[in-house]
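The values are calculated or read from the model by the stated rules, or taken from the named source; none is laboratory data. Just so it is clear, the model here is predicted, and its values are computed rather than measured. Every residue, glycine among them, receives a Cβ derived from its backbone with ideal geometry; neighbour counts consider all protein chains shown. Surface accessibility is based on the protein's heavy atoms, side chains included, excluding ligands, DNA and RNA. Shrake-Rupley method; radii C 1.70, N 1.55, O 1.52, S 1.80 Å.
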Amino acid sequence: SSSHQSLLVSRIKMDFGRSLQIVESATSRANITLIKENEADLLGASSNDNEEDKKLDRMWIKCANQAATELFRAGQSATDNDGQVHVYPSSAFPLYVLERSKHELIQEGSLVVIFESFDNLSFVYAKKGDVYHNKNGDFYHDDFIDKLRFGSKLRARNNQGYGFVFLLRPTSELWARSLPHRTQIVYEHNSSTVIFQLNLKPNMVVLESGTGSGAMSTAIMRTIAPYGMLRTYEFSGKCAEAARVEFERNKISHLVTVHHRDVCGKECADDGGFDVGGQAADAIFLDLPEPWLAVPHAAFAIKPNCRLCSYSPCVEQAQRCIAALSECGFHSIKTIEVRLRENYVDEVELEMPPTNRVVRVKKDEYKLVDEEEYDRMTKERKNISQTNNESEKQQNSSAVPTSATKEEANERDNFLDGEVEEASADTNAVDEQSTKRVKVCARPFAVMKGHTAFLTFATASLRPYCDPQSEEKKID
């Protein structure tokens with residue numbers, strides 16, 4: 001069966017774009033098939049059913065087929081290294097598995113993230129003969145190409161080998177912290193919130209306006225891989241070309257199409273919009289200085305009941321965007337702000353407090369007892385105290401005690417009082433019980449990162465929105 005063949009895509013450097021392998025799964029062995037809509041009568045429908053019931057059955061079949069296709073990618077076609085196209089029948093639901101060897105070495109041309117410290121990351125493309133320089137030393141690419149795996153520590157050749165860096169496999173989060181900034185980027189605490197709120201999943205079609213440095217684009221592509229498509233639009237031709245080259249070099253260009261286009265249509269109304277037709281996108285992300293101008297075009301391009309997000313640094317931008325979203329039929333509108341509070345986590349050696357009690361038995365004598373012994377001694381003191389009070393009442397109040405009798409009485413009172421004192425360094429009994437334990441503790445940084453942006457989310461209406469450009473032409 002073709003579902004048991006291996007599907008090999010060109011070698012990918014980004015984690016989510018790597019080659020896939022098709023293996024047999026429980027669904028493929030179950031022979032699950034898609035149902036033709038005209039076969040509704042064969043599924044138990046009676047000939048006496050009216051046309052409305054048959055129409056409802058066809059709607060159920062259509063929704064079930066769509067859900068199965070999105071989940072198992074039935075009938076999905078793909079191309080291997082030789083250019084041959086494999087089309088898998090609807091009866092075959094293969095399981096797509098990320099092909100990755102645990103013993104894979106860093107190859108020449110691979111994208112490698114250089115970890116110098118937790119707040120200092122960079123990247124290189126592995127090339128024989130090149131050298132990476134930083135304050136820690138000189139790091140030769142020949143020392144890790146075909147020799148080390150991702151995650152390994154690489155020491156510098158100079159400085160007696162004291163300097164070192166870590167070689168990390170690129171992910172969207174690491175790439176966002178190491179890529180060359182052309183514009184302000186969307187960091188992981190915002191990008192993760194956007195992906196979650198937009199309900200993104202594999203094989204979706206997503207529209208993005210405002211490519212910038214490509215950090216958000218990379219995060220979206222990882223979510224919609226392996227067969228999704230991101231259409232990203234950038235007003236600046238220089239940034240669009242730089243992003244296109246970057247995606248091709250990172251070998252993820254099969255998941256994205258970069259457009260040099262003004263989505264808002266400020267200079268020319270005919271050039272605005274996404275140019276993908278109506279109800280074509282599963283989600284839309286706007287990172288624009290004037291997002292309210294692109295909202296009507298987004299309402300036309302998005303599918304019913306799908307989600308949209310607008311990334312705005314200023315609250316005035318968010319307010320105008322919310323007004324435009326309401327006018328275009330969007331609902332469930334909300335604006336949130338995500339603040340990142342980092343903590344410094346480290347192992348700390350702490351001296352554990354004593355769990356036993358230190359009780360003064362005599363004037364200069366202490367005794368270390370546990371809780372059970374302490375309760376027993378307390379009850380004993382109460383009984384002795386009651387007995388002494390009764391005997392003292394019977395004695396002659398005029399009797400004068402001797403000095404020996406006074407000393408014994410004081411020692412007895414000290415025991416009866418049972419004073420509990422704090423453990424001190426001079427008390428040998430406490431020193432024997434004191435222990436030090438290593439605990440993992442976290443403390444927040446003194447300076448917290450400030451405001452980045454407001455994220456406005458909305459859900460498209462069930463009614464299709466008309467094309468704003470067609471409306472303008474009718475008015476003209």
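Remarks
- For segment 126-246, a simple Cβ point-charge model (Lys and Arg +1, Asp and Glu -1, everything else neutral) yields a dipole of about 260 debye relative to the Cα centre.
- Rounded to whole Å, sorted largest first: equivalent-ellipsoid semi-axes of segment 100-229, Cα gyration tensor: 31, 17, 12
- Shape parameters for segment 256-344, alpha-carbon atoms, Rg then Dmax in Å: 14.3, 53
- Violating pairs (Cα-Cα greater than 20 angstrom) within the set Lys128/Lys238; Lys367/Lys436; Lys128/Lys153; Lys127/Lys153; Lys266/Lys303; Lys201/Lys303: Lys128/Lys238; Lys367/Lys436; Lys266/Lys303
- Dividing the Cα radius of gyration of segment 147-210 by its Kirkwood radius returns 1.15 for Rg/Rh.
- Low-density loop cleavage sites - chymotrypsin sites (Phe, Trp or Tyr not before Pro) in segment 112-208, where at most 10 other Cβ are within 10 Å (DSSP): Phe118, Tyr162
- Distance between the modelled labels on Glu380 and Leu462, one decimal in nanometres: 8.1 nm (7 Å Cα→Cβ projection).
- Of the solvent-accessible surface of segment 270-343, computed with a 1.4 Å probe over protein heavy atoms with every protein chain present, carbon and sulfur atoms account for 47 percent.
- Segment 285-341 - percent relative contact order, Cα under 8 Å, separation 6 or more: 42 percent
- Per residue, the accessible area of segment 164-306 comes to 38 Å² when a 1.4 Å probe rolls over the protein heavy atoms.
- Alpha-carbon spread of segment 158-280, three principal axes, descending order, Å: 64, 30, 25
- Take the Cβ atoms of Lys147 and Phe118, set R0 to 30 Å, and the FRET efficiency comes out at 0.70.
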